[in-house]
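Read-outs: derived from the displayed coordinates by stated rules, not from any lab. A quick note: this is a predicted structure, and the numbers were derived from the prediction, not measured. So basically every Cβ, Gly included, is an ideal-geometry build from the backbone, and we count neighbours across all protein chains shown.
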Amino acid sequence: MAAEIDLHLGRRLRRRRRLLGLTQQQLGDRVGVRFQQIQKYECGANRLSAARLWELAEALETPVTYFYDGLSAEPAALPTSPLHPTLNAA
């Protein structure tokens with residue numbers, strides 16, 4: 001199951017690609033991946049690494065922050081861990 005952030009980034013990726021009139025194949029060629037990988041990013045099936053997000057932003061001529069626009073500002077619940085007490089202090 002895709003996390004909300006993955007779905008959001010995928011939607012923003014698809015939107016920007018379409019605004020520029022690019023196919024998934026064309027975008028994939030620009031960043032060195034197959035169109036199937038672009039499909040997986042866009043539907044949230046595969047997570048985007050920071051490096052790949054940077055490459056996509058450059059290929060789509062937009063700042064990386066574009067992908068985060070409109071993301072909910074509500075903080076996610078912090079994980080708790082007995083091994084890392086600082087994660088428990090919220």
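Rank 48, 33, 59 by how far each Cα sits towards the positive end of the charge dipole of the stretch 16-60 (+1 on Lys, Arg Cβ; -1 on Asp, Glu Cβ) and give me just the farthest.
Going by the Cα projections, it comes out as 48.
Starting from the Kirkwood radius over alpha-carbon pairs of the stretch 4-68, derive D by Stokes-Einstein at 4 °C in a medium of 1.567 mPa s and give it in µm² s⁻¹.
Numbers: Rh = 11.3 Å.
In µm²/s, the coefficient is 115.
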